[in-house]
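**Student:** Right, I'll just put the structure down here and ask away after.
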Amino acid sequence: MPMNTHLALVVDDEPDIRELLELTLGRMNIETRSAADLKQARTLLAKERFDVCLTDMRLPDGNGIDLVRHIQQQELNVPIAVITAYGNMDSAVEALKAGAFDFVSKPVDLQVLRNLIGSVLKLTDNYPERDRRSRDTLLGESQVMCNIRSTVEKLSRSQAPVYISGESGTGKELVARLIHTKGPRSDCPFVPVNCGAIPTELMESEFFGHKKGSFTGAFSDKDGLFQIAAGGTLFLDEIAELPLHMQVKLLRAIQEKAVRPVGAQQEIPTDVRILSATHKNLGQLVESGLFRQDLYYRLNVIQLQVPALRERPEDIPMLVEHCLKTLSRRDGHVMYKITDDALKALSNYRFPGNVRELENILERATTLCEGTLISSSDLQLPDTPMANNDPIEEASPELEPGTLTLDTYMDTIEKEALLKALEQTRYNKTAAAKLLGLSFRALRYRLKKLGLE
């Protein structure tokens with residue numbers, strides 16, 4: 001076999017299907033070996049090194065997931081895609097969780113198959129030669145960040161949907177971009193979309209596109225986000241904000257790998273990888289009926305939790321140094337420095353807004369500081385900083401005549417109550433408002449009034 005020829009293993013007990021797959025792969029200059037059952041497949045895997053494996057789900061002596069697990073257990077490093085029966089998404093999800101690269105549904109759409117194989121070959125041809133270090137992108141040497149970077153490396157080799165959870169400001173989109181950049185789709189678009197920022201009446205058109213004349217104002221055909229992200233990655237941020245009717249349509253698009261533009265008669269195939277994120281607890285939303293359970297299981301094939309900044313305080317000095325270098329370049333290579341007291345103050349602060357808040361604090365400090373040295377007073381941290389690992393305690397100041405006005409005393413009490421409620425609800429403002437017996441609007445007003453917004 002010539003050195004530049006790829007080798008594929010096709011596993012299916014139906015001779016006609018094997019022949020179809022062999023012909024399709026042959027036209028892509030891929031040599032094939034065929035097996036009719038698991039036993040033959042394992043024998044061939046032990047004899048030769050394959051670049052890709054395609055297996056039917058139902059086999060005479062087991063199923064495709066058994067072969068996925070065999071490849072994982074033997075550490076054969078062979079990307080494997082499973083061919084599932086039409087509509088059998090539960091098996092597809094189970095295969096992805098077991099370690100499958102991707103799946104295709106019967107009847108097999110040959111263009112979808114070619115796209116899948118193309119993604120696999122990008123991995124085998126180019127991926128090992130890339131600089132896969134991510135320390136300069138996901139900063140931090142804490143154990144939790146080392147684990148995150150290691151997980152990103154593994155997830156980038158798959159096409160499985162990934163659900164990225166974590167508080168606001170932790171860098172969920174940064175993680176999603178890194179998964180895309182390190183994977184075989186990096187040459188194609190990464191399309192981020194904030195699901196909460198699209199008006200409800202425009203959602204279907206924004207996601208799936210529309211045909212000219214399909215509604216008032218549709219003066220021409222328009223591609224949707226799925227078409228714009230063709231071959232690449234669609235990152236659905238704040239997925240919890242999708243209304244239920246769009247959750248149904250999104251579920252179908254993911255399951256069928258096809259979308260129907262508004263006003264179109266037929267569905268068109270799509271080739272995108274879905275990554276999603278939210279700062280809310282999707283599991284709780286499913287229990288309360290606000291998010292579809294079937295869509296949750298499709299999106300949450302693999303979950304990646306991004307830690308809050310207060311959970312990795314040892315990374316704060318490195319993040320501060322990086323932010324100041326960035327701000328120095330922005331301001332004409334002015335070399336900003338920070339005092340030890342200021343760095344200590346940052347290390348003892350809880351950062352409810354996480355890394356995004358740290359960036360904002362330092363940007364404000366570089367504007368307020370005298371010269372280029374940032375002191376603790378330039379940071380303008382809240383009056384009641386909280387240690388990273390200490391619980392919020394009800395330590396109200398003593399109201400002594402002549403030392404504290406009543407208004408200041410009451411503001412301090414109110415601030416402590418607000419912070420405690422936010423901490424208990426993991427900074428979910430809606431839940432905090434309910435805990436305090438306030439409306440959401442009243443909570444926002446009080447946070448703004450007390451400088452906690």
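**Student:** Residues to consider are Ala92, Ala100; find the one that is at pLDDT 90 or above and buried (at least 17 other Cβ atoms within 10 Å of the Cβ). Give the steps one after another, and end with the answer.
**Tutor:** On the way: Ala92 fails: at pLDDT 90 or above.
Result: Ala100 is the single residue among Ala92, Ala100 that is at pLDDT 90 or above and buried (at least 17 other Cβ atoms within 10 Å of the Cβ).
**Student:** Still on this structure: Note down all Cβ pairs under 7 Å where the first residue falls in region 22-34 and is under 9 Å from His6 (Cβ atoms), the second is hydrophobic (A, V, I, L, M, F, W, C) and open to solvent by 60 Å² or more (accessible area, probe 1.4 Å), and they're at least six residues apart or on different chains.
**Tutor:** Short answer, once both residue conditions are applied: Glu31/Met1.
**Student:** Write out, first by first residue and then by second, each pair whose Cβ atoms fall under 9 Å of each other, whose residues are 6+ apart or on separate chains, and whose first residue, in region 367-379, is free of Cβ contacts under 8 Å to residues at least 24 places away in the same chain while the second is polar (S, T, N, Q) and open to solvent by 90 Å² or more (accessible area, probe 1.4 Å).
**Tutor:** These pairs meet every condition: Leu368/Gln380.
**Student:** Looking only at region 439-453, how many residues end up being exposed (fewer than 12 other Cβ atoms within 10 Å of the Cβ), basic (Lys, Arg) and closer than 20 Å to Ile361 by Cα?
**Tutor:** Residues meeting the conditions: 1.
**Student:** Then there's this: Given (1) more than 23 Å from Thr430 (Cβ to Cβ); (2) open to solvent by 50 Å² or more (accessible area, probe 1.4 Å); (3) part of a helix (DSSP H, G or I), where does Arg356 come up short, assuming only one miss?
**Tutor:** The number of the failed condition is (1).
**Student:** For region 417-435, how many residues meet the condition of being closer than 14 Å to Gly353 by Cβ and either part of a loop (DSSP other than H, G, I, E, B) or hydroxyl-bearing (Ser, Thr, Tyr) (or both)?
**Tutor:** So the count comes out to 3.
**Student:** Scan Thr384, Thr403 and give me the residue that is open to solvent by less than 60 Å² (accessible area, probe 1.4 Å), at pLDDT below 75 and outside any helix (DSSP H, G or I).
**Tutor:** Thr384
**Student:** Do you know which residues across region 207-219 are touching a strand residue (DSSP E or B) at 6+ places or on another chain (Cβ under 9 Å) and part of a loop (DSSP other than H, G, I, E, B)?
**Tutor:** Gly209, Lys211, Lys212, Ser214, Phe215, Ala218
**Student:** In region 212-262, which residues are of a type in the set (Phe, Trp, Tyr) and in contact (Cβ under 8 Å) with a residue 24 or more places away in the chain?
**Tutor:** Matches in region 212-262: Phe215, Phe226, Phe235.
**Student:** Continuing with the same structure: Just wondering, is there one or more residues in region 46-58 that are farther than 17 Å from Gln159 by Cβ and of a type in the set (Phe, Trp, Tyr)?
**Tutor:** Checked region 46-58: at least one residue is farther than 17 Å from Gln159 by Cβ and of a type in the set (Phe, Trp, Tyr).
**Student:** Considering only residues that are within 16 Å of Ala253 (Cα to Cα) and open to solvent by less than 30 Å² (accessible area, probe 1.4 Å), which ones fall in region 80-89? Please lay out each step first, then the result.
**Tutor:** Step one: of region 80-89, the residues within 16 Å of Ala253 (Cα to Cα) are 86-89.
Across region 80-89, the qualifying residue is only Met89.
**Student:** Do the conditions hold for Leu309, that is, is it aliphatic (A, V, I, L, M) and farther than 28 Å from Ser156 by Cβ?
**Tutor:** no
**Student:** Name, by its number, the condition in (1) at pLDDT 75 or above; (2) open to solvent by less than 50 Å² (accessible area, probe 1.4 Å) that does not hold for Ile392.
**Tutor:** Among (1) at pLDDT 75 or above; (2) open to solvent by less than 50 Å² (accessible area, probe 1.4 Å), Ile392 violates only (1).
**Student:** Looking for whichever is more than 19 Å from the chain's Cα centre (by Cα) and under 22 Å from Asp102 (Cβ atoms) here; the options are Phe219, Phe215, Phe208. Which one fits?
**Tutor:** After applying the criteria, what remains is Phe208.
**Student:** With the checklist (1) farther than 15 Å from Pro382 by Cβ; (2) not aliphatic (A, V, I, L, M); (3) not in a helix (DSSP H, G or I) in hand, flag the one item Gly451 doesn't pass.
**Tutor:** (1) is the only condition that Gly451 fails.
The values are calculated or read from the model by the stated rules, or taken from the named source; none is laboratory data. In this text, all values refer to a predicted model and were calculated from it rather than measured experimentally. Because the Cβ atoms are built from the backbone with ideal geometry, glycine has one as well, and the counts that use them run over all protein chains shown. Surface accessibility is based on the protein's heavy atoms, side chains included, excluding ligands, DNA and RNA. Shrake-Rupley method; radii C 1.70, N 1.55, O 1.52, S 1.80 Å.
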